[in-house]
Amino acid sequence: MRGFFTRFAIAASGFALAVSYPVSAQDHAQAGWSLAIHGGAGTIARDSMTPEEDAAHRAALQAALDAGAKVLADGGSALDAIEAAILIMEDEPRFNAGKGAVYTWDATHELDASIMDGRTRDAGAVAGVTTVRNPILLARKVMTDSPHVMLSGKGAETFAAEQGIELVPPSYFDTEFRLKALERMKAKQLSALDVDLKFGTVGAVALDRHGNMAAGTSTGGMTGKRWGRVGDAPIIGAGTYADDRACAVSATGWGEFFIRVGVAHEICARLRMEKAVGAMSAADRIPTLVALDHHDGPEMPEVAIPEGAAQDIADAVMNDVKALGGDGGVIVVTPEGHALYSFNTAGMYRGRATSAGVNEVAIYGDE
Ligand code: ASP
């Protein structure tokens, strides 16, 4: 058995065996908090943005970051923090979520969102809603007030009405520049990537002072989508995942590839296995498959994953997306309080804040 589990751990982590992490909790957050947000990734270059656009995006990101950070600094929950941040970005027309969502092929809007609680691994998601002003609120209601994880279309709207979630006419989501993108796409037979140049999905991930994590993502999807297409944003494990034992992840990018790689869950799973391998080296005992699961297995020794190792894992998964032909990015927070980005596009609208004093927003890849 020892041989099997050793081989499993080696094969599963793939790259980590040589690394032995200290079991002291020096890298752990001391009741600290962290938050990361994104507003989409893509071909975002300095010369393609006016100074006004640049400043407006930064201001919008900062407002979202500040709203989430305040919740966390006051001792609030990771779930409340990500909701606060995402609400601001859903209401901001510059991002492809809520107001400002891209158009479908039929010039309508179909919105997707998901949320996950890393403490319980409860999750909620909605796909293809057309009248819900803030889909992230509906996703949370699915999680807390329904026996389901995902609702779609008309049924989701009926549930929203029953739950008293704010509904708006579909025209609320209209914006001139998104309509032009659809028209350009149709006229020149372009792909969504060509017309949008960037993904504008929004997301947030947080670790709160109680050690709990949460992740959420909200989007209008991709310009010109048809046939009820659903991307990764509302798929738990693809666009969103949170597990207090490992990390919280929210993604943006070409959804089909993120679904195929299972990006958000893949990053969390690799982090859990990294801990298992670290425990094996440090405590000289073999982690078993059940030891990856704190509920039933023997208690795992505390292993802190350094920031660089967590970054390597996120980068490796994003490289996998790229190898298949996809692009985009992720934001990640870990139990140690690291707040990371990884993206394989020119830029990503992003921000992070922590109790250790980090507070930044950024757009381009070189900043
Ligand atoms: N991931 C989203 C989707 O495929 C698009 C985006 O990130 O903007 O629906």
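The values are calculated or read from the model by the stated rules, or taken from the named source; none is laboratory data. Since this is a predicted model, take the numbers as computed values, not measurements. Glycine gets a Cβ as well: all are built from the backbone with ideal geometry, and neighbour counts include every protein chain shown. For accessibility, only protein heavy atoms count, side chains too; no ligands or nucleic acids. Shrake-Rupley method; radii C 1.70, N 1.55, O 1.52, S 1.80 Å.
Here are a few things to note about the model shown:
- Take the Kirkwood radius over Cα pairs of the stretch 51-116, plug it into Stokes-Einstein at 37 °C and 0.692 mPa s, and you get 252 µm²/s for translational diffusion.
- Accessible surface ranking for ARG209, ARG350, 1.4 angstrom probe, highest first: ARG209, ARG350.
- With distances taken between every two different alpha-carbon atoms, the stretch 28-70 has a Kirkwood hydrodynamic radius of 12.4 Å.
- Share of carbon and sulfur in the accessible area of the stretch 94-173 stands at 50%, probe radius 1.4 Å.
- Summed residue charge, Cβ within 10 Å of GLY98's Cβ, Lys/Arg positive, Asp/Glu negative: -1
- Using distinct alpha-carbon pairs, which all enter the 1/r mean, Kirkwood radius of the stretch 32-172 in Å: 16.1
- Partner lysines for LYS70 [C-alpha distance under 28 Å; skip if fewer than 8 residues away on the same chain]: LYS99, LYS141
- Ranked from largest, the principal axis spans of the Cα set of the stretch 302-341 equal 37, 15, 13 Å.
- Its residue count N sets the reference 2.2 N^0.38 Å, and the alpha-carbon radius of gyration of the stretch 311-367 equals 1.18 times that reference.
- Mean projected area (nm²) of the alpha-carbon convex hull when the stretch 113-154 is viewed from all directions: 2.7
- Charged side chains reduced to their Cβ positions (Lys and Arg at +1, Asp and Glu at -1) give the stretch 24-166 a dipole of some 200 debye around its Cα centre.
- Within the shell of other residues whose beta carbon sits under 14 angstrom from the beta carbon of PHE159, the net charge comes to -1, with Lys and Arg scored +1 and Asp and Glu -1.
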